[in-house]
1. Do you know which of the residues in the range 58-78 that are modelled with pLDDT of 75 or more and assigned to a helix (DSSP H, G or I) is least open to solvent (accessible area, probe 1.4 Å)?
2. Hey, can you tell me all the residues within the range 26-38 that are open to solvent by 80 Å² or more (accessible area, probe 1.4 Å), out of contact with any helix residue (DSSP H, G or I) (no Cβ under 9 Å at 6 or more places or on another chain) and within 17 Å of N10 (Cα to Cα)?
3. Keeping to the range 2-15, report how many residues are open to solvent by 50 Å² or more (accessible area, probe 1.4 Å) and without any contact (Cβ under 8 Å) to a residue 12 or more places away in the chain.
4. How many of the residues in the range 39-57 are among the polar types (S, T, N, Q) and surrounded by 11 or more Cβ atoms within 10 Å (Cβ to Cβ)?
Amino acid sequence: MRNNLVDLNNHLFEQMERLNDDELTDDQLHKEIERSKAMANIATKIIDNADLGLQAERLKVEYGRREINLPEMLENKK
């Protein structure tokens with residue numbers, strides 16, 4: 001299974017929907033909040049990694065290569 005930033009975006013919006021569920025008990029809401037914190041932490045790392053790959057490609061183009069090869073995670077192949 002290959003994930004990309006579109007998939008990450010979808011997961012984060014799904015988590016927001018779970019947090020917005022009015023029928024959650026206090027305990028369930030607490031668990032979803034903890035899950036959200038973990039997901040946000042991981043999402044930040046994924047985004048930082050994608051940004052680093054994009055910066056590297058920009059530098060390659062700036063110093064002689066003409067085409068940009070996007071990192072795989074930035075490509076939307078579905």
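1. Selected residue: V61.
2. Within the range 26-38, K37 is the sole residue that qualifies.
3. So the count comes out to 4.
4. 1
The values are calculated or read from the model by the stated rules, or taken from the named source; none is laboratory data. All values derive from a computational prediction rather than experimental measurement. With ideal geometry, Cβ positions are generated from the backbone for all residues, glycine too; neighbour counts draw on all protein chains shown. For the accessible areas, the whole protein counts, side chains as well, though only heavy atoms, and no ligand, DNA or RNA atoms are used. Shrake-Rupley method; radii C 1.70, N 1.55, O 1.52, S 1.80 Å.
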